[in-house]
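In what follows, a single structure is set out as structure tokens and then discussed.
What follows is calculated from the coordinates using simple rules that are stated; it is not laboratory data. A quick note: this is a predicted structure, and the numbers were derived from the prediction, not measured. When we count neighbours, we look across all protein chains shown, and the Cβ atoms used for this are built from the backbone with ideal geometry, even at glycine.
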Amino acid sequence: MNPQGEVQRPLDLMADEVFARSCAGNSSVGILISEEVEEVVAVKAAEAGDFVVSYDPLDGSSNLDVDLSVGTIFAISRLAEGGDAERLPQGQDLLCAGYAIYGPSTMLVLTTGGRVDGFCLDPETDTFVLTHPDMRIARETGEFAINASRRRHWDGVVQDYVAQCIDGPIGPRGKAFNMRWTASMVAEVHRILIRGGVFLYPIDDENRTRGGKLRLLYEAYPMALIVEAAGGRATNGKTDILRIVPDSLHQRTSVVLGSGAEVDRIAAAYEQAERSGDSVHLRQETCG
Ligand code: AHG
Ligand code: MN
Ligand code: MN
């Protein structure tokens, strides 16, 4: 089991080892935070300016047995002058974020905040080639992604949003929506960067005590930096993901990200629900 009580597959652990070994070979890396490791790992005696790397070594690992796309997600920040090695990185400290997706092609998608670039692995030369410069997320979309098997646990805002998408042209949205769910956040975000869309993994009645499903430091933060640098938006419904202040290493959060027009609509619905006193629960009550 990993620190979140989820089953670790052999490849989760192998990916963690490969990633950690590779980072340890870089003398600028001081601290590692991994989904698979309970505590912060000090690679060396921490000094101001050292990089802090938070990562999910293998994302979407339930897809391994069925040979669907999985990936690796990471975010990089720096240890501040006089910095406490135990201080958790905050969204606004992030210098760089990226993911690798292991699909029909292997791609590395990176941002340092200004823009997002995609590089395809050329297996012949073993180099990453810039194939997708300046990736941008379309503001409008007709595609949403959510694990619909959890519908009975959703709050009213998510229930209404998805119902309206499914009603398509005969509902209040007046247009048809398509749905996708790959159970691999890397694959969902990659699709959204390529052709737009909105992704939701909300806190719901079943996961509320754990604070949601997705992890803030090494899933939500890096994807939020990427999505925002590509012109999209990432929120927990109420607060921009990058403005959430972490209070535990493996903290989870609600996530709504992707095409700006849809994320704005969902955030506005949460605001409206809160104003009218409907019960919406966006804050985690405990941290998993
Ligand atoms: P991980 O494989 O690192 O544990 O992450 C899986 C995450 C995320 O990638 C995906 O969006 C979500 O869990 C899938 O959840 P469901 O199993 O509820 O579909
Ligand atoms: Mn993951
Ligand atoms: Mn993982």
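Take each peptide in 250-257, 33-40, count the other Cβ atoms within 10 Å of every residue, and average; sorted highest first, the result is 250-257, 33-40. Using just its DSSP H runs of length 4 or more, each adding -39500 (n - 2.57), the chain gives a mean residue ellipticity at 222 nm of -7000 deg cm²/dmol after division by all residues. Partner lysines whose Cα lies under 26 Å from the Cα of Lys213, excluding those fewer than 8 positions away in the same chain, are identified as Lys238. Ignoring solvent entirely, what values of log10 I(q)/I(0) come out of the Debye formula for region 143-287 at 0.18 Å⁻¹ when each Cα is a single scatterer? Cα-only, vacuum Debye calculation for region 143-287: -1.05. Here the spin labels are modelled as points 7 Å beyond Cα on the Cα-Cβ line, and at Glu39 and Ser149 they lie 3.6 nm apart.
Computed from Cα positions, the angle between helix 10-24 and the longest principal axis of the chain comes to roughly 50 degrees. Restricted to Cα atoms, region 21-161 shows a radius of gyration and a Dmax of 18.2, 51 angstrom. Taken along the Cα-to-beta-carbon direction at a fixed 7 Å, the label points for Glu81 and Val245 span 2.2 nm. Residue ranges 157-163, 101-107 sort as 157-163, 101-107 when ordered by packing (mean number of other C-beta atoms within 10 Å per residue, highest first).
Taking the Cα atoms of the chain, the ratio Rg/Rh between the radius of gyration and the Kirkwood radius comes to 0.96.
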